[in-house]
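*Asks:* Sharing a structure below in structure tokens format, with a few things to ask.
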Amino acid sequence: MQMNLLQAVNSALDIAMDSDDRVTCLGEDVGHFGGVFRATSKLQEKYGKQRCFNTPITEQGIVGFAIGLAAQGSIPVAEIQFADYIFPAFDQIVNEAAKFRYRSGDQYNCGGLTIRAPYGGGISGGLYHSQSPEAYFCHTPGLKVVIPSTAADAKGLLLSAIRDPDPVIFFEPKAIYRAEIGLVSDEDYEIPLGVADVVTQGEHITLVGWGAQMRELHRAAEMAKQDNISCEVIDLRSLLPWDLDTVASSVEKTGRLIVSHEAPLTGGFAGEIAAAIQERCFLSLESPILRVTGLDTPFPLVFEKEYLPDYLKIYEAIKKSVYF
Amino acid sequence: MDSGNDLTGSIRFIQGQDLSIPTFSILTMDGSIRSEAVESSMDRTTATKIYQDMVYIRILDQRMIAAQRQGRLSFYLTCSGEEAAVVGSVAGFRPQDMIMSQYREQAALRYRGFTSKQFMNQLLSNDLDLGKGRQMPIHYGSRSLNYMTISSTLATQIPQAAGYAYGQKMRGKDACTLCYFGDGAASEGDFHAGLNMAAVTNSPVVFVVRNNGYAISTPTSEQFSGDGIAPRGIGYGISAIRVDGNDILAVYEASVAARELALRTSHPVIIETMSYRLGAHSTSDDPSSYRSVAEEQEWREKDPIARMKIWLINRGWWSDAQEQSLQREYKEEILAALKSQEKRPLPPLDHLISDVYETTPKHLLAQFDQLLDHVGKYPNHYPAGDAYQQFGEKPLMQAT
């Protein structure tokens, strides 16, 4: 059936809770209210207050609590209301969740843990309702980081994340929560983590992105088509671990690569992809790998459109790469 | 629970000191029972076990400090002075209760049955260390003893303990969580987050805060300005009690009652044990630069072990002859364990990359392959090179 990305998230949570009574949803306003975006809508009604409940406004408390719950054997899905507010929980995520199995010699783990957080710009949210903090977490061994871009992927990836034996951070592109609509199966299905999706086959250049940025990449690819430039568009879907093989074999074919993300340029995850690809595909490259990203500023308010790496900026980068 | 319903027409500020919690105590300094105190329920078997474990930990701590000075360990940290606060509390709980501790509660681990060899394996990071040689000395953990592996990060276990206890309650287990931390850790945000989460979610967790006077060099007078930690629990809607941490009977009775209360009401409880860190913060610390010998001496006279011993002897449950033979037995056992376990090899090199994830991902295997080639090229430069030479091709691989 047709679903938007938000309904797909809700469907995944519903199926996860229905199929395993250890699955528990918690976070600010996730209870009766169903979350500020309604991702947990009707779950408390269906599964009770013990398994879907509001928490005090304490991100470190939510994540710490969820880690303990996971260590005990539950499968918590903790919501951080906006990715911008994940930082009070940074220590719990980076020093605790990520290292829980390793530091105990595999005696204990919190692998049941999934942290969901809406991320990204495009909603006039300014500094604190727009950030894309994925790179911080990709720098932390022990975590998995997943970002869907379509409704069908959101459901399948979230079900995988919840059932994955390691802690997963699941960032949801809130700008396209309702705009991104597609056919989504009612069934229980999983999409494996760590596997990219080659959405569009192409010959001349590879475009890599994730989350809301995929819409911009597709639009730029359409424009380039008018110039007889054929783009291969890859949705990375998982950032940690990321699918190096798929991107590398694409770049070996096209000889060119653009990586695009909303987050600032310096230290962004595009840098990691560029470094790995130049190492692996050096002799196949026809032009320098380009990054089309946000600026190295806090996320702006009135200049949001100028800041964002939109399809026009990507289109210009495509030409720059192809006509290098 | 509603608040703010009682109205008043007068301006009256409630002072920080208005809520002052008394200290529960049973045993006097000379080992006798305070006349107005509740009777202790501690039986002879429990009492002698508690006492022996306190003596064991005191000896272990002294021996390990010496071993660290000799360069046989990289680091150590004692719980000297706080043995009663730790053993007395854990003794009030059941083996199925999870312990989530800070790092100065090795006495609780001993009470649960951790052996001398197991202590040594961790302290020496050898191939039998349950933590696979990944953490500094004293970061113990034991799944079979329900003792959650310690991390150095302060107070992080507090909200986790709330979640763990919530899980126990959801699964309908006759079990709760016992969470230890110190007076310094109670200044961390996670303390406040954890107590609030525990209270709001009705989780059966008992917090034991060891108020030992110092956080490294910082005295409690510079750590907080209220009446200690226990009143903060009340602010969060948590039942609170303060106990003389050097009084084994008071700590034990408060703990038995706290466990019962937490499970019966499905609600957290906080116990503040008032004690003193007799030793340095760790082997990297020298307390003579921030506190006086006179102050230390004052607390040595309140030694919880000596105090319990007098009580035991008065009851006819212990003798000097037993004491001597116990001391000798433990010293020999600990020394023998140190000698045998320090001869054991390092953990295999693949412990470097295993358990980062449940299944080691491809990119990490590739990094490990590169490392193996490099170590193979310069085996004498790396500790794991020995294994490389011993096994010919690549160092012992297990998990991957």
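The values are calculated or read from the model by the stated rules, or taken from the named source; none is laboratory data. This structure is a prediction, so every number in the text was calculated from the model and none was measured. Here the Cβ positions follow ideal geometry from the backbone for every residue, glycine too, while neighbour counts run over all protein chains shown.
*Asks:* Working carefully through the options A:Pro133, A:Pro148, A:Pro192, A:Pro141, find the one that is within 30 Å of A:Glu252 (Cα to Cα), in contact (Cβ under 8 Å) with a residue 60 or more places away in the chain and surrounded by fewer than 24 Cβ atoms within 10 Å (Cβ to Cβ).
*Replies:* A:Pro133
*Asks:* Let me ask another. Of all residues in the range B:179-196, how many are more than 8 Å from chain A (Cβ to nearest Cβ) and charged (D, E, K, R)?
*Replies:* Residues that pass the stated criteria total 2.
*Asks:* Quick test for you: out of A:Glu304, A:Glu286, pick the one residue that is within 21 Å of the chain's Cα centre (by Cα) and charged (D, E, K, R).
*Replies:* Testing whether each residue is within 21 Å of the chain's Cα centre (by Cα) and charged (D, E, K, R) leaves just A:Glu304.
*Asks:* Now for a different question. Which one of B:Lys309, B:Lys302 is part of a helix (DSSP H, G or I) and surrounded by 15 or more Cβ atoms within 10 Å (Cβ to Cβ)?
*Replies:* B:Lys309
*Asks:* Another one. Does the range A:222-233 hold any residues that are in a helix (DSSP H, G or I) and either crowded, with 24+ Cβ neighbours inside 10 Å or in contact (Cβ under 8 Å) with a residue 12 or more places away in the chain (or both), and which are they?
*Replies:* Matches in the range A:222-233: A:Met223, A:Ala224.
*Asks:* Follow-up. How many residues does the range B:93-126 contain that are farther than 24 Å from B:Thr156 by Cβ and either touching a Gly at 6+ places or on another chain (Cβ under 8 Å) or buried (at least 24 other Cβ atoms within 10 Å of the Cβ) (or both)?
*Replies:* 2
*Asks:* Kindly establish whether B:Arg328 is over 23 Å from B:Arg63 (Cβ atoms) and either of a type outside the set (Phe, Trp, Tyr) or out of contact with any Ser or Thr (no Cβ under 8 Å at 6 or more places or on another chain) (or both).
*Replies:* In short, no.
*Asks:* Taking the condition of being closer than 27 Å to B:Gln52 by Cβ and within 11 Å of chain A (Cβ to nearest Cβ), how many residues in the range B:113-132 meet it?
*Replies:* The number of residues fulfilling the criteria is 6.
*Asks:* In the range A:230-266, which residue that is hydroxyl-bearing (Ser, Thr, Tyr) and closer than 18 Å to A:Ile147 by Cα is farthest from the chain's Cα centre (by Cα)? If you could, list the steps in order and put the result at the bottom.
*Replies:* Filtering the range A:230-266 for residues hydroxyl-bearing (Ser, Thr, Tyr) gives A:230, A:238, A:246, A:249-250, A:254, A:260, A:266.
Of the ones still in play, those that are also closer than 18 Å to A:Ile147 by Cα are A:238, A:246, A:260.
Values: A:Ser238: 7, A:Thr246: 18, A:Ser260: 13 Å.
Checking each candidate, the answer is A:Thr246.
*Asks:* Could you tell me whether B:Asp97 is within 13 Å of another protein chain (Cβ to nearest Cβ), farther than 24 Å from B:Tyr214 by Cα, modelled with pLDDT of 95 or more and in contact with a helix residue (DSSP H, G or I) (Cβ under 6 Å, 6 or more places away or on another chain)?
*Replies:* Values: within 13 Å of another protein chain (Cβ to nearest Cβ): yes; farther than 24 Å from B:Tyr214 by Cα: yes; modelled with pLDDT of 95 or more: yes; in contact with a helix residue (DSSP H, G or I) (Cβ under 6 Å, 6 or more places away or on another chain): no.
No: the conditions fail for B:Asp97.
*Asks:* Do we have any residue at all in the range A:122-130 that's surrounded by 24 or more Cβ atoms within 10 Å (Cβ to Cβ) and farther than 30 Å from B:Ser142 by Cβ?
*Replies:* There is at least one residue in the range A:122-130 that is surrounded by 24 or more Cβ atoms within 10 Å (Cβ to Cβ) and farther than 30 Å from B:Ser142 by Cβ.
*Asks:* Then there is this: Which condition breaks for B:Gly167 when tested against (1) without any contact (Cβ under 8 Å) to a residue 24 or more places away in the chain; (2) part of a strand (DSSP E or B)?
*Replies:* For B:Gly167, the failing item is (2).
*Asks:* When you check B:Thr153 against the structure, is it closer than 22 Å to A:Ile75 by Cα, at the interface with chain A (Cβ under 7 Å from one of its Cβ atoms), part of a loop (DSSP other than H, G, I, E, B) and among the polar types (S, T, N, Q), yes or no?
*Replies:* No, not satisfied.
*Asks:* Looking at (1) within 23 Å of B:Leu178 (Cα to Cα); (2) in contact (Cβ under 8 Å) with a residue 40 or more places away in the chain; (3) within 14 Å of chain A (Cβ to nearest Cβ), can you tell me which one B:Gln135 breaks?
*Replies:* Exception for B:Gln135: condition (2).
*Asks:* Buried (at least 24 other Cβ atoms within 10 Å of the Cβ), at the interface with chain A (Cβ under 8 Å from one of its Cβ atoms) and at pLDDT 95 or above - does that describe any residue in the range B:199-213?
*Replies:* Looking for residues that are buried (at least 24 other Cβ atoms within 10 Å of the Cβ), at the interface with chain A (Cβ under 8 Å from one of its Cβ atoms) and at pLDDT 95 or above, one finds at least one in the range B:199-213, hence yes.
*Asks:* Right, next: If you scan the range B:328-351, which residues turn out to be in a helix (DSSP H, G or I) and surrounded by fewer than 19 Cβ atoms within 10 Å (Cβ to Cβ)?
*Replies:* If the condition is that a residue be in a helix (DSSP H, G or I) and surrounded by fewer than 19 Cβ atoms within 10 Å (Cβ to Cβ), then B:Arg328, B:Glu329, B:Lys331, B:Glu332, B:Glu333, B:Leu335, B:Ala336, B:Lys339, B:Ser340 are the ones that fit.
*Asks:* Find the helices (runs of 4 or more DSSP H) located wholly in the range A:234-324 whose residues include 3 or more that are at pLDDT 95 or above, surrounded by fewer than 16 Cβ atoms within 10 Å (Cβ to Cβ) and touching a His at 6+ places or on another chain (Cβ under 7 Å), and list them.
*Replies:* Correct list: empty, since no element meets the threshold.
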